[in-house]
Amino acid sequence: MVNKTLGSIYGSVSGLNEWNNGLKKISSYCMDHSGGGASLIPLDEGMQEWRFGSNDDKKADFLYYSYWKNKSPLLSCIKKNINQKLFFLDDSFLSNNEISKNPFYQEFLREFGVKRIHNAIFRLDSGERFLFSIQEALDEKEENQNEIANKFKTLTPHIIQALSLSIKFHNLQNECAVSKKVLNHLGCFFVFLDEKNQFIYTNVSVYDLEQKGIRIKENKVYIENLKYRNSFKSLLNSDEEFRFFSFYHNDEKINSRIINLPKHYNFLGDDHKNSKKVVIFSPAMVSYNTENILKELFLSPKQAQLACLIANGLTIKDASSKMNISEGTARQMVKDIFSRLEINSQNKLVSFVKNIGFLSY
């Protein structure tokens, strides 16, 4: 039965909900029956999601946190040893008479069919502190107490190891979710590839990529413009540490960088663990959102349009042609923009607009 119990402990690593079921099996193993209970209690603030118990009655959690948390007669000893790497404690020093008069046992534990407790206080390598507890059933025979304690001590190192792995796994999953969310809101396009340059993941839709002249066909990424396609392919296959590449699509300049990923890279989780490199495509970070912000807060509609075209890499002459105005008119508009924004150069204009662009994503 111990192997099944250990299996349930390590089976809890990948799912928080599995800990409650695992504690039920731990309790059954220690007691040799379904009475009694087991619980895992975090001793640090902000860790309530790591409070697990074998009791399906949520009233136990409510009572523990609302009233009985600081009422246990073992509390002073727990506080004294809370920072130890591992410390075992039980209530065997309390007589049956003392237990029968103690409110914590009579009003809290007995409500859930429990009479005595075995505790392990431990601190994980990552710093989190926990109390692992086994509660004997009311009808448990006194001679079984040592056997229960020995089983409890045998399981505790496995609980510590599995809990440490579980927290790391959970944090990694959260980091991956946050990473994806961040990627999805950046103005750059990220394309992740495997060791054969096969497509794995992108933070935008394939349609958005195609709008920038980047195509995915048969799981391969290539540049639509034939003028740049072979150069891009050659860089993908290169082992150079720094690989930068620029191309134009519909008069818009797209900058890209190809980065080899670390060997044990897991930024996006197990679904993308085969990622070996990432291509970062950076269109000028100026969009209609940027133009609208400029119109609403700083410039006239035409001035906002001209400022965005310049920030996207067009010369004043090319921008004036795109706007169907004369070059002289465009140059006067640039002077008016400088005056409004209190700047004195095109470089500062581009920097200002791109900063607005970054905030608009």
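The values are calculated or read from the model by the stated rules, or taken from the named source; none is laboratory data. Worth saying up front: this structure is predicted, and the values here are computed from it rather than measured. No Cβ is skipped: glycine too gets one built from the backbone with ideal geometry, and neighbour counts run over all protein chains shown. Protein only, heavy atoms only, side chains kept; ligands, DNA and RNA dropped before computing areas. Shrake-Rupley method; radii C 1.70, N 1.55, O 1.52, S 1.80 Å.
In this structure LYS79 has an accessible area near 130 Å², from a 1.4 Å probe over the protein heavy atoms. Label-to-label distance, GLU342 versus GLN161, with points set 7 angstrom from Cα along the beta-carbon direction: 6.5 nm. Largest to smallest in accessible area, the residues ARG331, ARG257 fall in the order ARG331, ARG257 (1.4 Å probe, all protein chains included). Between ARG331 and ARG229, what is the FRET efficiency for a Förster distance of 41 Å, r being their Cβ-Cβ separation, to the nearest 0.05? Computed FRET efficiency for ARG331 and ARG229 comes out at 0.65. Ordering TYR248, TYR222 by accessible surface, largest first, gives TYR248, TYR222; the 1.4 Å probe counts only protein heavy atoms, with every chain in place.
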